[in-house]
1. At R0 = 41 Å, how high is the FRET efficiency between PHE82 and TRP119 if r is their beta carbon distance? Nearest 0.05 is fine.
2. By the scheme Lys and Arg +1, Asp and Glu -1, what is the net charge of all other residues having a beta-carbon under 15 Å from that of GLY136?
3. If you rank TYR246, TYR67, TYR72, TYR375 by fewest surrounding Cβ atoms within 10 Å, what's the result?
4. Return a whole-number percent for the relative contact order of the chain, with Cα pairs under 8 Å and 6 or more residues apart as the contact set.
5. Report, largest value first, the span of the C-alpha coordinates of the range 20-102 along each principal axis, in whole Å.
6. Cβ under 12 Å from GLU53's Cβ, GLU53 left aside: what net charge do those residues give with Lys, Arg +1 and Asp, Glu -1?
7. Considering only C-alpha atoms, what is the centroid distance from the range 243-286 to the range 297-344, in Å?
8. Calculate the dipole size of the chain relative to its Cα centre from +1 charges on Lys and Arg beta carbons and -1 charges on Asp and Glu beta carbons; express the result in debye to the nearest 20.
Amino acid sequence: MVNLPQVQPLEEVPIRGHVSTMLLLEGLIGVIGSLIFSVFMIWSIRDAYKVAEAKRKKELVLNDIAYLKDVYEGSFEYIILFFPIVVLAFISIMPIAFGFVMAFTNIAGNASMEDTFDWVGLSNFFALFDFTSNLGSSFGVAFWNVLLWTVIWAILSTFTVFFGGFIQALILNSEHVVFRKLWRTILILPWAIPALLSQMVFSVMFNENGFVNQFLQDVGLYQAFFDLGLLGQNFESLTGIMRYLYLGPDNVQWFSNPFNPTFVRTTLIVVNIWLGFPYFMALMTGVMTAIDATLYEAADIDGANRFQKIFKITMPLVLYSTAPILIMTFSGNFNNFGVIYFITGGGPNAGQASRGYAGDTDILISWMYKLTVDYSTYNMASVFSVLIFLFVGSITAWNLSRTRAFQED
C-alpha cells in the first residue's frame, strides 16, 4: 500500500465582488465617452454625405490638405472649445452626475463604498416629507430646520454686509472725512486677509477662555452679567426673554452655547459683517464716485436735506448697479461653508443621530459635508446636494437671464 503525502489545503484568498460605486463610475465614464464619440460619428456621417453629394453632382472635392485647412478655418472656435469641454465633462459633469445618481440609492455606512447598493427610487426624497419613517423622523425634521436657518442666514448675512459696506462707503465719500485714502486702505484689510485665517482667529478669540471673555472680565462686565442673571444661572429656571439672553453657565459661550442657539447664530451673523463688508464698501465707493454731481446740485436747489439725497439719489443708483452682485452674494452665502465650519463647526448640539447629525448653526452645505465625511451617509447627502444645486442653479440662471449680455445674445 502506497502512502500518499498529505495534501495541505490552500490558503483561502478572499475574492472581491462587485462594487456598485466602481460600476457606476465606469458606467458614467462609458456614457460620457460614448457621447463624445457620437459627436464625431454624427459629424463624420454628415461630412461623408456632403462629399458624396459633391461627387454625384461632379462638384469640386477638396484634397486632404485643403480639407483640413478648410475645417480649421471654418471650425476654429469649436476645435479650441472641444478639449476644455472634454476635461469639464470628466472633472465637473461626471461628479455631479455621480452625486445625483447616488441620491436614488441606499448607500450609507463606513463600508458602503466597497459594497453593493440597492436602488430605492424617490424614497429618500419622500422621507423629507414623511416624519414617521426611519429617515424622515431624523433627517426629514432636521432638513426643514436646517433649510430654514440656511435661508435666514443667507438673507441676513447678505443684507448686513451690503448695508455695512454701504454705510462705510457713504462715510468715506463724505467731504468732511480727512485722510480718506488711509481709512479706505485700513477698512479694506479684512477682505485682503485670507478668509480661512480670519475665521480661525475669530474662533480662538471668542472661545470660552479666549481673549474676548478675558477682556470682559478685566473691565468688570462679567460681574454685571452675573448680577443680571445672564451668566451663572440654571437655564431650566429661566423663563421668557431671559432664555434668549442667556450667555452661558460660567463663561460667555459665543459659539458653543447649547441652551441658546439664537445667541450663537446672532454672534455668527455679526462676525460675518467684519468678513464681508469691505468688498461691498470698495464696490460702492466706485459706484458713488461715478454718480453725476449735478443730481446732488439739483437736489440742493430743491431744498433736499442730506437723508433725502441718500434715499432718493444715492441708494437707488447704487442698488441699480449692484443688484446682480447682491443676488449672487445671496447664492454664495447660501453655500458659505467656511464661516460655519471653521468658526462653529456647525454646533452647538451637533452630532446627535436623532437630529440627523445636524447642529444648530449648520447650513445645508456644512451639514452635507459632515454627513459625507464624518458619518458616511452618502445617500442623504446626495439628496441635499441635488436640492442645493436646483435652488442655487435656479437663482443663478435667473440672475444671468436678466443681464444685458444675455439678453443681447
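1. Given R0 = 41 Å and the Cβ-Cβ separation, E is 0.75.
2. So the environment of GLY136 carries a net charge of 0.
3. Ordered from fewest to most neighbouring Cβ atoms within 10 Å, TYR246, TYR67, TYR72, TYR375 come out as TYR72, TYR67, TYR375, TYR246.
4. 21 percent
5. Sorted from largest, the Cα extents of the range 20-102 read 56, 24, 16 Å.
6. On the way: positive: ARG46, LYS50, LYS55, ARG56, LYS57, LYS58; negative: ASP47, GLU59.
Taking every other residue near GLU53 into account, the sum is +4.
7. 21 Å
8. Dipole magnitude for the chain comes out near 940 debye.
FYI, it's all coordinate maths here, none of it is from the lab. Note that the coordinates shown come from a computational prediction; the quantities given were computed from them, not determined experimentally. FYI the Cβ positions are ideal-geometry reconstructions off the backbone, even for glycines, and counts take in every protein chain you see.
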